[in-house]
1. In whole angstrom, how far apart do the alpha carbon centroids of region 188-256 and region 261-334 sit?
2. Tabulate in residue order the Karplus-calculated ³J(HN,Hα) for region 91-105, using 6.51 cos²θ - 1.76 cosθ + 1.60 with θ = phi - 60°, rounded to whole Hz; enter x for Gly and Pro.
3. From the phi of every residue in region 312-319, what ³J(HN,Hα) in whole Hz does the Karplus formula 6.51 cos²θ - 1.76 cosθ + 1.60 yield, where θ is phi - 60° and glycine or proline is x?
4. Amide H to amide H, which residues 5 or more places from Ile175 or on other chains are under 5 Å from it, using H placed in the peptide plane?
5. If you take the charge dipole of the chain about its Cα centre, with +1 on Lys and Arg Cβ and -1 on Asp and Glu Cβ, which of Ala40, Thr59, Gly85 is farthest toward its positive end?
6. So what's the chain giving for Cα Rg divided by 2.2 N^0.38 Å, two decimals?
7. At a 1.4 Å probe radius, which order do Leu338, Leu206 fall into by accessible area, largest first?
8. Figure the gain on full extension for Asp216 and Leu272 (residue separation times 0.36 nm, minus the Cα-Cα span) and round it to one decimal in nm.
Amino acid sequence: MSKKKKIIIISTCVLIVVAGACFFMKGPQKSALQLVMTQATRSTIENSVTATGTVEPVTTVEVGTQVSGIINRIYVDYNSVVTSGMLLAEMDMVNLKAELKSMEADLANSKTEFEYQETNYIRNKTLHDKQLISDTEFETATYNYEKAKSSYERSQADMVKVRRNLDYATITSPIDGVVINRAVEEGQTVAAGFSTPTLFTIANDLTQMRVIADVDEADIGPIEDGQRVTFKVDAFMDDIFEGEVTQVRLEATTTSNVVTYEVVISAYNPDLKLKPGMTANVTIYTMERPDVLTIPSKALRFIPDEELLKEMNLIVNNPGQETPSGKKLVWQKIGNELKAKAITTGTAGLNVVEVVDGLSDGEEVVLEVSSDVVVTNNGSTERSPFMPGPRR
């Protein structure tokens, strides 16, 4: 064995012996109990409900056509700003104009027939009143007159329909807004046989948006109109958008045995950051109590252990004290005594509770007894790495 290896082995053994000696010289260790105190402070108590929703315009209109034909011209595109009555597209009107000409001819023909039969009826009525013609002849004249009249009225109605269909071939915007969808191209044929095909989708005002949030049935109870809402979208994770609950819809939606209700949230969008269809992570504040006196809820659950407190040289004043009706007990340290104090509590938050009466701002109460400090025989203290630090 080389000299260098011998030196390394000897040094290692010496270090092991020294470490063991130090360990046994410290002697047994014991836990030091520590009374953790907390102050009554003013804060805001909030309760909230979280949900996921979809951003959409407040008013959306689907523009279609009631006549079939070929799209001849399109005058707008995606994101085009339009006004009410503005021309969006035109359909091929050749067939519609031809139909109008044919209907005008039919109308003129039925009008001529009606006028002739009307004159004939008046003449025959005069003769029949003077008993110069038979009843059969008068009935025939009456029949022809009524038939011509019906035909003329039907032609007039058909004329109105044909003219309106011709108007429908010119597609105009019904509202002011922005085109968010265009479903047709020039030259495309649309058929309006059983349903009205959608050509354009127009959003009224993108500065006024709304979020349709799906809220679980377990959380829907406290949600009401007018409550404050904040939400985020993935496109702008650093921005927090504000809103307000405007409607809680009563119809339930069941998906995979999960029941949800739709909550409508208004959202002001002056910078146009919110786009239709974005997913919003919503927080609805069902209760907000600003600037109220609070203490941690944990302080209400503290029950003094007389044996444990004796080790800390503390005594409990009146340990069997009963809690007055409608009150809660907290404990205060006065000298070497722990004394109970009855307080009136109000609204409870996630980890805090409102103090309505019994404590003043800054007054201390006992939170818990902690044993996270280790005291050695030589008087030095070491904190256990496995225990949390004391509350500050």
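1. 32
2. Here the 3J(HN,Hα) series is 9, 5, 9, 4, 5, 5, 5, 5, 5, 5, 4, 4, 5, 4, 5 Hz.
3. 3J(HN,Hα) across region 312-319, in whole Hz: 9, 6, 10, 10, 9, 7, 6, x.
4. Gly85
5. With unit charges placed on the Cβ atoms, the residue in question is Ala40.
6. Normalised Rg, Cα atoms only: 2.05.
7. Descending order: Leu206, Leu338.
8. Additional length available on full extension: 17.2 nm.
The values are calculated or read from the model by the stated rules, or taken from the named source; none is laboratory data. None of these values were measured; they are calculated from a predicted model. Quick reminder, even Gly has a Cβ in these numbers, built from the backbone with ideal geometry, and neighbours come from all protein chains shown. Remember, those area values only see protein heavy atoms, side chains included, never the ligands or the DNA or RNA. Shrake-Rupley method; radii C 1.70, N 1.55, O 1.52, S 1.80 Å.
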